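Only one structure is covered here, and it is reproduced in the block below.
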Amino acid sequence: MIQRPAPRLLAAAAAVSLGLLAGCGDSDDALDDAEATAESVVDDGAASEEELTEEATDLVEGTSVDDLRAAIDDDDIATLFEVLDVAGFDDIAEAESFTFFAPDDGAFAAIDADLLAELLADPDALREVLRDHLLDQTVLAADLPADGTVTTTGGLELSFDLSGDEATVNGIPIVRTDVTVDDRGVVHVIDGLLLEE
């Protein structure tokens, strides 16, 4: 079962996510604005701890964020789990089988600070971005299509280049493959975000 953090922790998660950007040369002003936006959304619109607990109890039993975290077991994926919590992303828990392309910390650090702030302030938009990383079937690395495309649950078409030393999806390096989760799904770690152009 997915457990969502208390409202104050949502602000902390947003701040930690954005903190990665500060180390990558983004301006302090942009970072402060992004953190203020995220904290404002949390303070103005977050449910109480009791409501969040009730909502979590109602979720279909399945693969939780904690199951993903345990399977991946990589400190370089910390931001993703904070983003999953902020978004309230439960699609994986409800899926019978899945493939998830998990962005590493570098993927979040590389995107524009304003874009990240907008996503953190809009959980619906953030969930749509995460759905563009999810397939509704289990596809191991050996079965990724070298020709043609596959479509994510969010409607994004993914194409793969498996010809070189480093496989890519939509031009983004796949840095780790075939992390199995609960015999129901598989995770491939990628060094970028799959975004609509």
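The values are calculated or read from the model by the stated rules, or taken from the named source; none is laboratory data. Just so we're clear, the structure is a prediction, and the values are computed from it rather than from any experiment. Protein only, heavy atoms only, side chains kept; ligands, DNA and RNA dropped before computing areas. Shrake-Rupley method; radii C 1.70, N 1.55, O 1.52, S 1.80 Å.
What's the center-to-center distance, using Cα atoms, between segment 180-197 and segment 85-99 in Å?
Distance between centres, Cα-based: 12 Å.
Once you sort the root eigenvalues of the Cα gyration tensor of segment 109-160 as a ≥ b ≥ c, which label holds: rounded (a/c under 1.5), prolate (a/b larger than b/c) or oblate (the other case)? Provide the component values of the computation, followed by the final result.
Numbers: a/c = 2.98, a/b = 2.12, b/c = 1.41.
Prolate shape, in that a/c is at least 1.5 and a/b is the bigger ratio.
Once you have all Cα-Cα distances for segment 115-197, histogram them in 10 Å bins from zero and send the whole-percent values.
Result returned by the calculation: 17, 49, 29, 6.
Please work out the average accessible area per residue across segment 64-197, using the 1.4 Å probe convention, and give it in Å². Could you put the intermediate results ahead of the total?
Details: 5960 Å² over 134 residues.
Heavy-atom SASA per residue in segment 64-197 reads 44 Å².
At a 1.4 Å probe, what is the % contribution of carbon and sulfur to the accessible area of segment 106-197? All intermediate terms of the calculation are to be shown ahead of the outcome.
On the way: 1940 of 4550 Å².
Carbon and sulfur: 43 percent of the exposed surface of segment 106-197.
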